[in-house]
Amino acid sequence: MKMKICLLLVVLSAGCSKKSNTVPVAVLDAPAYFKVDAASAGSISGKVKFAGPRPRPQLINMEEDPACVMAHAGKAYDESLVVDAHGALGNAFVYISRGLEGKNFETPTTPVVIDQRGCWFRPRLLGLQTGQTFKIVNSDPVTHNIHPMAMVNREWNHSQGPGDDPMTRRFIKPEIMIPVKCNIHSWMHAYIGVLDHPYFAVTKDDGSFEIKNLPAGTYTISIWQEKLGTQEQQITVAAQTNATANFTYKGKS
Amino acid sequence: MFFRPWVVSMTMAAVLLIVCDGCRSHVQDKPIGQSVSIPIPLGLPPLPLPRDNPPTADAVALGRALFYDKHLSQDDSLSCSSCHNPQTYFTDGQRLSKGLGGLSLRNAPTVMNAAYLPFQFWDGRALTLEEQAASPIADPLEMNQPHNVSVKKIAANGEYKAMFVETFGSDDVTIGRIENALASFERTLLSGNSAFDRYQYGGDQTALTISQARGLAVFLDPNKGNCASCHTVRPHDALFTDGKFHNTGEGVGDLDQFSDIGRYHETKVKTDTGAFKTPTLRNVAHTAPYMHDGRLKTLKEVVDFYAGGGNSNLYLDPEMKKIHLNGTDREDLVAFMQSLTGEMPPNVGPPGKK
């Protein structure tokens, strides 16, 4: 009993002494972010090709919602596999999948925006960092319901009417790729890549991509395309140089 | 010193009587005279009537006068009808109603057929029309007038003297009498005999268009619209509401937060967070905008909202399951809801008018 009282006194007095101390005692360590030294950083660029026959444009039927037919003002074609006349593949997601372990990158403060426009998601493919603001806009005169079907992150869906304010969400964990649909318009699809680092890119219409400011080292670079699946390759990046990583998807024979 | 038990109890009873006497006025709030028979339009069930407030002809007439009387607001600018306007089926057509304290927090619901509902207000904070009636009068956001002031202003108006005598047997004005008279008037605000009612309950197969009839089928089908799981349709009548509270996700913000917690405000039950009373769909084509926050402007937007499964959140109602509606289904549902416009009963406009 006496022991307990003594202990109590010790605790109490400790409490008192802490109170009189003006220095905050419970400060969490600020996360130590990895800073890239530009002098030792390099880049990766490349081109992505599709070797199979160029797919024929498929008309999308938007009759489910006449307002979409009008909003789109013209014919709408499927965009799940877009190949140009030279076999270049746009809309593929390229990212560093291994080699950055243990590095903690700061979350960008700029939001990544997806717009529901012409009854499409724009862009169809996007990447963002964990915790980065994902801003959702509806520019259409119709209601949309964005539904990221996440498996690692939380799945959610939310309706946005014409003229509604943009809304924001975040994805907390890395996830490749989150398929997004519109619950109201069955043809609307988008894909989101969430990474805990900034080294990702979406190929342009000419199949090109570039990943800049990457610390020198050896990495696995991966590519994902919604119809064609994934590929990867090893690549070594030296300081102040550009390494090339080209990918080719074979067409179905 | 000992008291005999009966002396004690008698004394206590006397004290209680005095205490009760102090808090209750002698004035009877129950109308005198015979209850009138309120005609029930096709498609509506028998009307429940409270024993302590039978709708007499005088009470209904008094309630009607009070309903349109702007003296029930602080600066004599608003009456009940300001937000419950007969021209828009006893709503105000605004997203949020404008009261004396600025914009109210919710969309004004219709008063029509409210007499059937087990709960009043979007969050059900009143159980009866009587309980509901005086609340917006005193609400700082709405008519912003304490009850004692309302009583004084009504008592000072000579035109009411005879009406109170005829209705209650004396010219005393109390807030209870005002509530009872307003509730009696509101019990006459019944709307039915719509094209849907003539089709469904009146045997008139031509009352609905082909699209509307298809829409009705989608509305009732649990595997299609599943609308009737909350907007009730029964074999002999339809209120198009279950009178209960559901979370559709409307009003949920980032991180699953509800700026308006709805039914939770009353029950403190977590799963009631963001749940609001199912509104009736009768006359819905004329009561835009929609939802408790008035966010949806058109019936198409409402159908699209449900076609999308509402908004996900922790307390989403299980009936908000994913529904499958093709373009025709959606158009048909909108057409069907346009068949729910019913008749307006007589003698419900401002006194002196039809």
Work out the length of the dipole vector of the protein assembly as shown about its Cα centre, built from +1 on the beta-carbon of each Lys and Arg and -1 on the beta-carbon of each Asp and Glu, and round it to the nearest 20 debye. 1480 debye
As a check on your grasp of the helix formula, calculate [θ] at 222 nm for chain A: sum -39500 (n - 2.57) over DSSP H runs of n ≥ 4, divide by the residue count, round to the nearest 500. -3500 deg cm²/dmol
Quick one: compute the contact order of region A:38-249, relative version, from alpha carbon pairs under 8 angstrom and 6+ residues apart, as a percent. 33 percent
For A:LYS49, enumerate residues with amide H under 5 Å from its amide H, sequence gap 5+ or separate chain, H modeled in the peptide plane. A:LEU89, A:PHE247, A:THR248, A:TYR249
Charge dipole (region B:195-340, unit charges on Cβ, about Cα centre) - positive-most of B:THR328, B:PHE219, B:ALA275: B:PHE219
Pop out the carbon and sulfur fraction of the accessible area of the protein assembly as shown as a percent, whole number, probe 1.4 Å. 58 percent
Rounded, prolate or oblate: which fits region B:267-354 when a ≥ b ≥ c are the square roots of the eigenvalues of the alpha-carbon gyration tensor, with rounded for a/c under 1.5 and prolate only if a/b beats b/c? oblate
Share of Cα-Cα pairs in the protein assembly as shown beyond 33 Å, whole percent, is 60 percent
Per the Cauchy relation, a quarter of the hull surface: what is the mean projected area of the convex hull of the alpha carbons in region A:19-159, in nm²? 15.5 nm²
Over all alpha-carbon pairs of region B:57-186, lay out the pair-distance distribution in 5 Å bins, whole %, shortest bin first. 2, 11, 21, 25, 21, 12, 5, 1, 0
In peptide B:301-307, what is the residue-averaged number of other protein chain Cβ atoms found within 10 Å of each Cβ? 6
For chain B, just run the numbers: alpha carbon Rg, then divide by 2.2 N^0.38 Å, N being how many residues it has. 1.12
Go ahead and set up a Gaussian network model of chain A, Cα springs under 10 Å, then flag whichever of A:GLY161, A:GLY193, A:GLY127 fluctuates most. A:GLY161
My understanding is that a pair violates if its Cα-Cα distance is over 20 Å; which of A:LYS135/A:LYS204; A:LYS47/A:LYS212; B:LYS98/B:LYS297; A:LYS49/A:LYS135; B:LYS70/B:LYS153 do that in this structure? A:LYS135/A:LYS204; A:LYS49/A:LYS135
Taking 0.36 nm per residue of separation between A:THR248 and A:GLU101 and subtracting their Cα-Cα distance, the length gained on full extension comes to 50.2 nm
What is the distance, in nm, between label points placed 7 Å from the Cα along the Cα-to-Cβ direction at B:GLU131 and at A:SER186? 4.7 nm
Show me the helices of chain B, taken as full DSSP H stretches, that run 24 Å or more along their long axis by Cα and average -1.0 or above in Kyte-Doolittle hydropathy. B:5-23
Enter the mean number of other protein chain beta carbons within 10 Å of the beta carbon of each residue in A:159-168, as an integer. 4
Provide, as a two-decimal number, the C-alpha radius of gyration of chain A over 2.2 N^0.38 Å, N being how many residues it has. 1.36
Going by the alpha-carbon gyration tensor, a ≥ b ≥ c the square roots of its eigenvalues, is region B:195-340 rounded (a/c under 1.5) or, if a/c is not under 1.5, prolate (a/b greater than b/c) versus oblate? prolate
Count, for each residue of B:318-327, the Cβ atoms from other chains sitting within 10 Å of its Cβ, then give me the mean as a whole number. 2
Could you tell me what fraction of 2.2 N^0.38 Å the Cα radius of gyration of region A:104-221 comes to, as a two-decimal ratio? 1.11
Would you please classify the overall shape of region A:116-168 from the alpha carbon gyration tensor, given that a ≥ b ≥ c denote the square roots of the eigenvalues, rounded means a/c under 1.5, and beyond that prolate means a/b larger than b/c while oblate covers the rest? prolate
With all protein chains present and a 1.4 Å probe, how do B:LEU299, B:LEU96 order by accessible area, largest first? B:LEU96, B:LEU299
Value at 222 nm in deg cm²/dmol, rounded to 500, when DSSP H runs of n ≥ 4 in chain B each add -39,500 (n - 2.57): -9000 deg cm²/dmol
If each part is reduced to its alpha-carbon centroid, region A:144-166 and region A:184-253 end up apart, in Å, by 26 Å
Taking the dipole about the Cα centre of region B:57-186, with the C-beta of Lys and Arg at +1 and of Asp and Glu at -1, give me whichever of B:ASN85, B:THR174, B:ILE154 is farthest to the positive side. B:ASN85
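The values are calculated or read from the model by the stated rules, or taken from the named source; none is laboratory data. What you see is a predicted model; the values in this text were computed from it and never measured. In this analysis, Cβ positions are derived from the backbone assuming ideal geometry, glycine residues included, and neighbour counts consider all displayed protein chains. Areas reflect the complete protein model, heavy atoms only, side chains present, ligands, DNA and RNA absent. Shrake-Rupley method; radii C 1.70, N 1.55, O 1.52, S 1.80 Å.
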